[in-house]
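To keep things clear, I will list the structure first and then write my remarks on it.
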Amino acid sequence: MATSSTMARMPDETDAKPAPGISFRKIGMQFPDGTEALRDVSFDVSKGEFVSVVGPSGCGKSTLLRIASGLAPESSGEVLVNRDNIGYVFQDATLLEWRTALKNVTLLGELHGYSKAKQEALAREAIELVGLKGFENHYPKALSGGMKMRVSLARALTMKPEIFLFDEPFGAVDEITREHLNDETQRLFQKERFAGLFITHSISEAVYMSTKIYVMSSRPGRIIAEFDVPFPYPRTQEIRYSPDFGVLCAQVSEKLRSA
Ligand SMILES: Nc1ncnc2c1ncn2[C@@H]1O[C@H](COP(=O)(O)OP(=O)(O)OP(=O)(O)O)[C@@H](O)[C@H]1O
């Protein structure tokens, strides 16, 4: 197993782009049962980039995020990443049912040993950022699926992440809520300018949100196509109906069909 290292190990000096938040270098992943999930995956995600990865179910997308975060060790290759400050939002909101929205959002500050005043100040700021002001004292059972996801986003935001990993966070909500959450996330990205790595099954979501899209093949997942998304931020929902947006979606879709 290769060891992952910190930002002290920077990419080649010939690389003119800003320092990557995450640099995947020829990542391979083989599970103990022999399943080869990833093969030779290489790409960077720099601060100020929002990169989406789309690919067939089971191609290794979540595995790639787990490797980036350090939750799973890669079998070969290496990841250059500073893991001090990573935000991770999962498919499920993963809230504690017995804690209010505010107390769910203070959780990470609590675990990091912040003072109560700091925990709460960070939580209230994050709650406002995701548009949940007024719902601080609601318990998860009194929140909609979209609101739970906002709590989950706010919880991650309290750590002011420089790298933000999103594992298909909006797959379980209805289309309109998903569009709202896309707008919230895009706004957060614009404000915080983290390095964003976003997994999704939705091509239009990927095109709407991202600066760049990678398409992965079916297992073992390899990068088979790369698209730059040229639309300037802030993007509004109307862009989804523009011809250029449709053309890019069609191009990504074509690659995905051949994956
Ligand atoms: N612990 C494990 N042991 C063996 N195989 C695993 C393990 N975890 C995942 N896999 C397999 O590795 C492959 C990649 O899984 P992963 O969850 O990364 O795919 P994915 O692209 O995120 O899928 P989906 O889009 O359906 O969420 C799958 O075939 C999965 O069954």
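Tabulated data for the structure shown
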quantity	calculated
Single residue of 153, 143, 129, 64 found to be of a type outside the set (Asp, Glu), at negative phi, touching a strand residue (DSSP E or B) at 6+ places or on another chain (Cβ under 9 Å) and not assigned by TED's automatic domain parsing to the domain that holds residue 208	153
Residue within the stretch 236-256 that is within 16 Å of the ligand (Cβ to nearest atom), among the acidic types (Asp, Glu) and either surrounded by 14 or more Cβ atoms within 10 Å (Cβ to Cβ) or modelled with pLDDT of 95 or more (or both) present	no
Members of the stretch 237-259 found to be in contact with a strand residue (DSSP E or B) (Cβ under 8 Å, 6 or more places away or on another chain) and charged (D, E, K, R), listed by number	255
Residue that is over 24 Å from residue 94 (Cβ atoms), among the small types (Gly, Ala, Ser) and in contact with a helix residue (DSSP H, G or I) (Cβ under 7 Å, 6 or more places away or on another chain), where the choices are 225, 259	225
Qualifying residue in the stretch 104-113 (condition: within 17 Å of the chain's Cα centre (by Cα), touching a residue at least 12 places away in the same chain (Cβ under 8 Å) and either assigned to a helix (DSSP H, G or I) or in the same structural domain as residue 204 (by TED's automatic domain parsing) (or both))	no
Complete set of residues in the stretch 201-213 that are surrounded by fewer than 24 Cβ atoms within 10 Å (Cβ to Cβ), within 16 Å of the ligand (Cβ to nearest atom) and outside any loop (DSSP other than H, G, I, E, B)	203, 205
Members of the stretch 157-182 found to be in a strand (DSSP E or B) and within 16 Å of the ligand (Cβ to nearest atom), listed by number	165, 166, 167
Output for the stretch 185-200, where each listed residue is in a helix (DSSP H, G or I) and buried (at least 19 other Cβ atoms within 10 Å of the Cβ)	185, 186, 188, 189
Residue selected from the stretch 114-130 under the condition under 23 Å from the mean Cα position of the chain (by Cα) and surrounded by fewer than 17 Cβ atoms within 10 Å (Cβ to Cβ), by the criterion farthest from residue 183 (Cα to Cα)	125
Candidate set from the stretch 66-92 (those that are within 14 Å of the ligand (Cβ to nearest atom) and more than 19 Å from residue 195 (Cβ to Cβ)); member that is surrounded by the most Cβ atoms within 10 Å (Cβ to Cβ)	75
Residue count for the stretch 158-179, restricted to those that are touching a Phe, Trp or Tyr at 6+ places or on another chain (Cβ under 8 Å), surrounded by fewer than 23 Cβ atoms within 10 Å (Cβ to Cβ) and under 17 Å from residue 69 (Cα atoms)	3
Given (1) surrounded by 17 or more Cβ atoms within 10 Å (Cβ to Cβ); (2) more than 7 Å from the ligand (Cβ to nearest atom), index of the condition residue 63 fails	(2)
Filtered residues of the stretch 16-33 (kept if away from the ligand (no atom under 13 Å from the Cβ), at negative phi and either under 17 Å from the mean Cα position of the chain (by Cα) or assigned to a strand (DSSP E or B) (or both))	20, 21, 22, 23, 24, 25
Identity of the residue in the stretch 34-48, away from the ligand (no atom under 16 Å from the Cβ) and in contact with a Leu (Cβ under 9 Å, 6 or more places away or on another chain), that ends up nearest to residue 195 (Cα to Cα)	45
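Yes/no per residue for (1) under 27 Å from residue 31 (Cβ atoms); (2) at pLDDT below 95; (3) more than 12 Å from the chain's Cα centre (by Cα):
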position	(1), (2), (3)
145	no, yes, yes
161	no, yes, no
173	no, yes, yes
176	no, yes, yes
210	no, no, no
222	yes, no, yes
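The values are calculated or read from the model by the stated rules, or taken from the named source; none is laboratory data. Computed from a predicted structure; not experimentally measured. With ideal geometry, Cβ positions are generated from the backbone for all residues, glycine too; neighbour counts draw on all protein chains shown.
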